[in-house]
Every structure is written in C-alpha cells, then in structure tokens.
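Undergrad: Sending over a structure as structure tokens; questions will come in a sec.
What follows draws every value from the coordinates through simple rules; no lab data is involved. Only a predicted model underlies this, so the values are computations on that prediction, with no experimental measurement involved. Glycine also receives a Cβ, built like all others from the backbone with ideal geometry; neighbour counts cover every protein chain displayed.
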Amino acid sequence: MMGLRTQCLLLAVLAALITSLGACGQVSQPGGSASIKAPTPQASRETEARCEDKPWDASSVHVDSGTHWRYQQQTLWPYPIAESAGPFRTDADGFRRCYAHSQSGALVAAANIAALMTDQSILTTPASAIKLFGPGPEYEHIQQRLRSGGSTGGHNDGARAVIYGYRVLEADSRQATIDLAYQGSMNGSAVNLSIVYRLTWSQGDWKLRSEQTQPVSSSILSSFAGYTEWKEQD
C-alpha cells in the first residue's frame, strides 16, 4: 500500500513535471487543498495517428463491466482499460490515449494520466510528456520548459497505490474535472488521498488543461464519503 512518504514523493513528481515545487509540504491536510502548478512538459512529435473526434455522449458514468486493471511500468500504480471508454491506442513509447468523449472516458483518462505521471520514461522524454497536455494559454510555455529540460525524473519508491473511487465534479463536451480517491497506509496507519485532475477535450482526446488554473491538486481525506467506489476487484 502507498504510504504518506510515497504519496509526497509522487506529488513531488507531479510538481517537478509542472513546475519547481518544494518538498512534501504541498500535500494539504483534510479540508485543505494543495495545488500543483502546470507541468513543465517537453515538445511532442505529432507522428502518431490522431484520435477520432466523436460527438459528446452525455450519459452518466458506466465503466464497471469490461474494465481491466493493470499497473504502470516500473511502478505499482493502477490504471484501468475499459472496453467502452478506452484507452483505444497505445503509442510506441507506452503512452496510452484516445478515450471516449463522455464522462466515463474522462474518468478513465484521469486514472491513466495519474499512472503515466509516475513513469520516469514518460516524464523524462519531452515528446512523451507534452502529450499529457491540451492546447491553452500556457501550452507554449510548457513546451519551452520541456525542451529546455525542465522536467525531472520521477520517484516511485516502490509505491503501490490503490484507487478507492471517484467523483465527477464537472463534465461537459469541452472539459471535465475528476476527483480520484486513493487508499494508502504507513506503519499501520491508514492515509487516504484525493487527487483532482482538470481535463480538456482536444483533438479527439482528454488531456490536462494548459491554463493558468492548476491542472492537478491534492488533499488528504478524512473519509471517502461522497465517492463512488471504483477499484480492482480481489
């Protein structure tokens, strides 16, 4: 299970990708919100086939049937593959993309982005890291930071995260905000973590927003009240 120290390290990885964050003090306590500023991605080659830009499906989340859970390369961070929601493509660098244009697609995309952001091979490769982001006011700055080597390698510390559930805070045809709840423990003490992903629909896919608004934020949870349970079954 993922301990508090590991959670701090993983949040520091996100911070390193987004901007220079300090140490673990960015993780907030219950009732607070610790934000991670827009990552420092590196330029991507648009060589892979584009995703199909399908019409918006306004139906509610439905990802239970046909969902398979796997773990990110060299980490123990879970990600889902759903028959109806994606991802429908995996690039040569291992980057998963092309999700359904729906609430379910946004949810599955957020969980996959969470896992990809723990993968050193993604974080340290500019062409891979930039694919996490959609166009926006900060996109060029993000590209420049990545090209100049602004991203640093990730730390996984042998981490294992366990997703407990989710909340869809907002979702429409253009953007979505997904709150994922994770379970962890350290020295026998349980630690529950919320990470919120702010996504935009761009070129037929869900990506992190490249705006001044911070695309990823986190907080320590006192309970899972209000979350819909969604996790790998034993």
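Undergrad: Fewest first, what order do Trp77, Trp230 take by the number of other Cβ atoms within 10 Å? Could the numbers behind the result be given before it?
TA: On the way: Trp77 25, Trp230 19.
By the 10 Å Cβ count, ascending, the order reads Trp230, Trp77.
Undergrad: Can you list the residues, at least 5 places off or on another chain, whose amide H is less than 5 Å from the amide H of Tyr164, using H built in the peptide plane?
TA: Ala181, Tyr182, Gln183
Undergrad: Could you tell me which of rounded, prolate or oblate describes the stretch 66-114, using a ≥ b ≥ c as the square roots of the eigenvalues of the alpha-carbon gyration tensor, with rounded for a/c under 1.5 and, failing that, prolate when a/b is larger than b/c and oblate otherwise? Show your work: numbers first, answer last.
TA: Numbers: a/c = 1.84, a/b = 1.40, b/c = 1.31.
Judged from the Cα gyration tensor, the stretch 66-114 comes out prolate (a/c at least 1.5, a/b above b/c).
Undergrad: Tell me, Ile142, Ile163 in order of fewest to most beta-carbon neighbours within 10 Å? Don't skip to the end; give the middle numbers.
TA: Working: Ile142 27, Ile163 23.
Ordered from fewest to most neighbouring Cβ atoms within 10 Å, Ile142, Ile163 come out as Ile163, Ile142.
Undergrad: For Phe133, enumerate residues with amide H under 5 Å from its amide H, sequence gap 5+ or separate chain, H modeled in the peptide plane.
TA: Leu208
Undergrad: Between the stretch 98-132 and the stretch 194-214, what's the alpha-carbon centroid distance in Å?
TA: First find each Cα centre; the distance between them is then 10 Å.
Undergrad: Report the extension gain between Asp93 and Asp172 in nm, rounded to one decimal, defined as 0.36 nm multiplied by the number of residues separating them, less their alpha carbon distance.
TA: Numbers: separation 79, 0.36 × 79 = 28.44 nm, distance 2.98 nm.
Stretched fully, the Asp93-Asp172 segment lengthens by 25.5 nm.
Undergrad: How do Phe95, Phe224 line up, fewest other C-beta atoms within 10 Å first? Spell out each step's value before the answer.
TA: Numbers: Phe95 22, Phe224 15.
By the 10 Å Cβ count, ascending, the order reads Phe224, Phe95.
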